[in-house]
1. Check Glu98 against each of (1) part of a loop (DSSP other than H, G, I, E, B); (2) under 18 Å from Ala42 (Cα atoms); (3) free of Cβ contacts under 8 Å to residues at least 12 places away in the same chain and name the one condition it does not meet.
2. Considering (1) under 22 Å from Ser150 (Cα atoms); (2) modelled with pLDDT of 90 or more, say which one Asp186 fails and leave the rest.
3. Considering only segment 129-152, how many residues are closer than 21 Å to Met267 by Cα, at pLDDT 65 or above and exposed (fewer than 10 other Cβ atoms within 10 Å of the Cβ)?
4. Determine which single condition Gly112 fails, assuming it passes every other condition in (1) closer than 30 Å to Glu34 by Cα; (2) in contact (Cβ under 8 Å) with a residue 12 or more places away in the chain; (3) small (Gly, Ala, Ser); (4) exposed (fewer than 15 other Cβ atoms within 10 Å of the Cβ).
5. Please verify whether Asp244 is among the acidic types (Asp, Glu), within 28 Å of Leu193 (Cβ to Cβ) and free of Cβ contacts under 8 Å to residues at least 60 places away in the same chain, treating the condition exactly as stated.
6. Could you count how many residues in segment 262-280 are touching a residue at least 40 places away in the same chain (Cβ under 8 Å) and surrounded by 15 or more Cβ atoms within 10 Å (Cβ to Cβ)?
7. Please find, within segment 81-95, the residue that is farthest from Leu62 (Cα to Cα) out of those that are among the hydrophobic types (A, V, I, L, M, F, W, C) and assigned to a helix (DSSP H, G or I).
Amino acid sequence: MKGRLSSFLAKRLGAVFHCALALAICSAGALADEPDFERDIAPIIAKRCLECHDADKASGGLNLTNHEGILLGGESGAALVPGKPQESYLIERVAAGEMPPESRGIAQPIPGEEIALLEVWIAAGANWPADRTLNIYERTTDVRFVQLYSGGGHLDDTWDAHVNVESNHGQHAMEIDQPIAALLNDLAQRGLLDSTVILFGGEFGRMPFSEGQGAPGRNHNPYGFSMWMAGGGVKGGISYGETDDFGFEATVDKAHVHDIHATLLHMLGLDHELLTYFYQGRNESLTDVHGQVLHEIVAS
């Protein structure tokens, strides 16, 4: 009986030992797979933390844009302790849902998988590339608004075609033609075009007549000009509105800038009448008391 019991215990203990060994090997492997700073950590800090802890606006004295700042910490002490995530103030705050703070009364908790990445990174020593400084504008894959600007300077350096409209617009159209096509194709290939609203336009158009005899330039025309839209929420393959026969001013289905803003916000799921910002005793809005959504150009 004693021999059978010894044999039974030996087998069980052996099984337990093998399980423990397997667990140890798996754990070692997991720790060896240290998060990549640029791929895994930098995007989390830039997206979740820098709005409050940028170098220029370090809430609580905490600057999270560089390694020195995150180790030095702020008014509450060091943000992290390399090798000890359980003693790191940063993990304590994000795990409690206190960072990032609420935005307009809505909580912004960091997802559990991102907290886990931060914990593994800190446990592995919180490695940070030398001289690497994070920038809030690194949030290029998740930002809500991007402006690409064509032209700059004065007259022929930009689209301000007072001298010669044909040569000016010919030059700048050539500069942006292929890049715009590449942008649209890239968004489509990545599956992002359906969730991105694109608006191409300027602050005004050009007059349908020259600036004088021997002066082939065109002056500003705020009364009738074209813009185009593409992407998510846009009804493609249509035109909306018309000018008179001279191209001087809009005469059919006029669209004011407030209407364009109201329509863009609608495509983004926002009501332009409800989206306000309290400033100097008044609820300000992008469209003020104006603006109508142009449902004719919105995809159903």
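The values are calculated or read from the model by the stated rules, or taken from the named source; none is laboratory data. Since the model is a prediction, treat every value here as computed from it, not as a measurement. Using ideal geometry, Cβ is built from the backbone for each residue, glycine included, and neighbour counts are taken over all protein chains shown.
1. Of everything listed in (1) part of a loop (DSSP other than H, G, I, E, B); (2) under 18 Å from Ala42 (Cα atoms); (3) free of Cβ contacts under 8 Å to residues at least 12 places away in the same chain, Glu98 misses just condition (2).
2. Going through (1) under 22 Å from Ser150 (Cα atoms); (2) modelled with pLDDT of 90 or more one by one, Asp186 breaks only (2).
3. So the count comes out to 4.
4. (2)
5. Considered against the rule, which asks whether it is among the acidic types (Asp, Glu), within 28 Å of Leu193 (Cβ to Cβ) and free of Cβ contacts under 8 Å to residues at least 60 places away in the same chain, Asp244 comes out as no.
6. Here the count works out to 2.
7. Ala95
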